[in-house]
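*Asks:* Okay, handing you the structure first.
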Amino acid sequence: MAKKAFMDKKAQQFMEEYLNNVSPTSHEWTGQKIWLKYLKPYVDECRLDNYGTAYGIINPKAKYKVVLEAHADEISWMVKYVSKEGFIYVTRNGGSDHMIAPSKRVNIHTPDGVVKGVFGWPAIHMRNRANEEKPSVNNLFIDVGCHSKEEVLDLGIHIGAQITYDEGFMEMNNRYYAGRALDNRMGGFMIAQVARMIHENKDKIPFGLYFVNSVMEEVGLQGARMIVDTIRPNVAIITDVAHDTTTPMIEVKEEGEFKCGDGPLLSYAPAVHNNLLKLIMDAAKTNKIPYQVEAISRATGTDTDAFAFSVGGVVSALVSLPLRYMHTTVEMVHKDDVENVSKLMYQSVKKIKNNQDFRYFKP
């Protein structure tokens, strides 16, 4: 039987629909519906917690539990204040980059539907070039074509309304995927492909395997902190994005040298359990999957920290997808890396033994 392609038509359609959907932090439910619909045929059971973290399980009754985790939320803006002239001022929801905002088209999400707007900015002719004011959260504003606060409110716009960029997914040069929110919906796509590979290959998993798409990572790993207490897993492999440091204006001596297309990024870090990391590296070597290595001296800044340092300490590791231009609307990842991260997590799961003890030694 011919080997099934990693990116078949169904997977491609799912990826594009999932990446193009809007799932701001604490408003992830539209994306979670798409994700669970795709995942459901490949797992035994699907669940959802109170704040929207979604997960599917193979062998839900097993006592030994392994988690593969990504996060579902994207950065956004929120309506903070509306001036009497009808201009909307904003606050961050997650790590939104103020430098890229001017002149961007936006969607403001209201109970009555989407309202279109733009981040306005004074024309170059009108700015003091000797002392030019830079974009900041304090001076960014959105224009929705209204002339008063009352007109804005009549559109259904309210304080706290979510604002996302009106940008979509695309492919570049047959090598890259690009768009907004690849951080970290591409992670959700990749763990779903692991579930698909297990199902298609009819692999027998001897433990409970949980595919978790957490909410609210962008505001402090909050979804992961909740779900780890719910599941209480023995092992967790987290996937997120990491910086491609080979683009201009980045100092590799400070940041390390990592490149899109050169494989998944594996991390040495306090939250990363060395024995699980060794298992993942062995899986990469055995299956000839290229990978890169980074050193993180303190927190990883990912859901790995939430899993590792909760419920008495979950054996955790991080498998990252190299990405260019993080927290912009043109995030880029290499197609080969997307496939290799998925395959590495799949091969790593197959190496884990039921009831495996990862401790360094026994007293």
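*Asks:* Tell me, which residue of the stretch 161-217 that is among the β-branched types (Val, Ile, Thr) and part of a loop (DSSP other than H, G, I, E, B) is surrounded by the most Cβ atoms within 10 Å (Cβ to Cβ)?
*Replies:* Within the stretch 161-217, the first condition is being among the β-branched types (Val, Ile, Thr), and the residues that meet it are 163-164, 191, 194, 198, 205, 212, 215.
Adding the requirement that they be part of a loop (DSSP other than H, G, I, E, B) leaves 205, 215.
Details: ILE205: 15, VAL215: 27.
Filtering first and then ranking leaves VAL215.
*Asks:* Mind counting the residues in the stretch 231-269 that are in a strand (DSSP E or B) and touching a Pro at 6+ places or on another chain (Cβ under 9 Å)?
*Replies:* 5
*Asks:* In this structure, does TYR51 turn out to be more than 24 Å from LYS204 (Cβ to Cβ), surrounded by fewer than 16 Cβ atoms within 10 Å (Cβ to Cβ), in the same structural domain as GLY223 (by TED's automatic domain parsing) and in contact (Cβ under 8 Å) with a residue 24 or more places away in the chain?
*Replies:* yes
*Asks:* Then there is this: Collect the residues in the stretch 1-34 that are among the aromatic types (Phe, Trp, Tyr), more than 13 Å from the chain's Cα centre (by Cα) and outside any loop (DSSP other than H, G, I, E, B), keeping them in residue-number order.
*Replies:* PHE14, TRP29
*Asks:* Another one. So, in the stretch 60-98, of the ones that are within 17 Å of the chain's Cα centre (by Cα) and polar (S, T, N, Q), which residue ends up nearest to GLN32 (Cα to Cα)?
*Replies:* Top of the filtered list is SER76.
*Asks:* Here's another thing I want to ask about it. Tell me yes or no: at least one residue of the stretch 11-22 is closer than 11 Å to ALA192 by Cβ and in contact with a Cys (Cβ under 7 Å, 6 or more places away or on another chain).
*Replies:* Within the stretch 11-22 (the criterion being closer than 11 Å to ALA192 by Cβ and in contact with a Cys (Cβ under 7 Å, 6 or more places away or on another chain)), the answer is no, since none of the residues qualifies.
*Asks:* Right, next: Of the residues LYS4, LYS84, only one is at pLDDT below 95, surrounded by fewer than 16 Cβ atoms within 10 Å (Cβ to Cβ) and in contact with a helix residue (DSSP H, G or I) (Cβ under 8 Å, 6 or more places away or on another chain); which? Show your work before the answer.
*Replies:* Working: LYS84 fails: at pLDDT below 95.
None of the others qualify; the one that does is LYS4.
*Asks:* Related question: Of all residues in the stretch 282-307, count the ones that are free of Cβ contacts under 8 Å to residues at least 24 places away in the same chain and buried (at least 17 other Cβ atoms within 10 Å of the Cβ).
*Replies:* Residues meeting the conditions: 0.
*Asks:* Suppose we filter VAL272, VAL228 for residues that are assigned to a helix (DSSP H, G or I), of a type outside the set (Phe, Trp, Tyr), closer than 15 Å to ALA308 by Cα and in contact with a helix residue (DSSP H, G or I) (Cβ under 9 Å, 6 or more places away or on another chain); which single one remains?
*Replies:* VAL228
*Asks:* Quickly run through the stretch 323-363 and pick out the residues that are surrounded by 20 or more Cβ atoms within 10 Å (Cβ to Cβ), of a type outside the set (S, T, N, Q) and either touching a Pro at 6+ places or on another chain (Cβ under 8 Å) or free of Cβ contacts under 8 Å to residues at least 24 places away in the same chain (or both).
*Replies:* VAL333, HIS334, ASP337, VAL341, LEU344
*Asks:* Could you tell me whether PRO102 is touching a strand residue (DSSP E or B) at 6+ places or on another chain (Cβ under 7 Å) and without any contact (Cβ under 8 Å) to a residue 40 or more places away in the chain?
*Replies:* Criteria met by PRO102.
*Asks:* Here are some residues: PHE169, PHE207, PHE189, PHE211. Which one is of a type in the set (Phe, Trp, Tyr) and in contact with an Asp or Glu (Cβ under 6 Å, 6 or more places away or on another chain)?
*Replies:* It is PHE169.
*Asks:* May I pose another question? Of the conditions (1) out of contact with any helix residue (DSSP H, G or I) (no Cβ under 9 Å at 6 or more places or on another chain); (2) farther than 30 Å from PRO264 by Cβ, VAL144 fails just one. Which one is it?
*Replies:* Every condition holds for VAL144 apart from (1).
*Asks:* Assuming ILE57 fulfils every condition listed in (1) outside any loop (DSSP other than H, G, I, E, B); (2) surrounded by 12 or more Cβ atoms within 10 Å (Cβ to Cβ); (3) more than 26 Å from the chain's Cα centre (by Cα) apart from one, which condition is it?
*Replies:* With respect to (1) outside any loop (DSSP other than H, G, I, E, B); (2) surrounded by 12 or more Cβ atoms within 10 Å (Cβ to Cβ); (3) more than 26 Å from the chain's Cα centre (by Cα), ILE57 is out only on (3).
The values are calculated or read from the model by the stated rules, or taken from the named source; none is laboratory data. What you are looking at is a predicted structure, and each value in this text was computed from that prediction instead of being measured. Glycine gets a Cβ as well: all are built from the backbone with ideal geometry, and neighbour counts include every protein chain shown.
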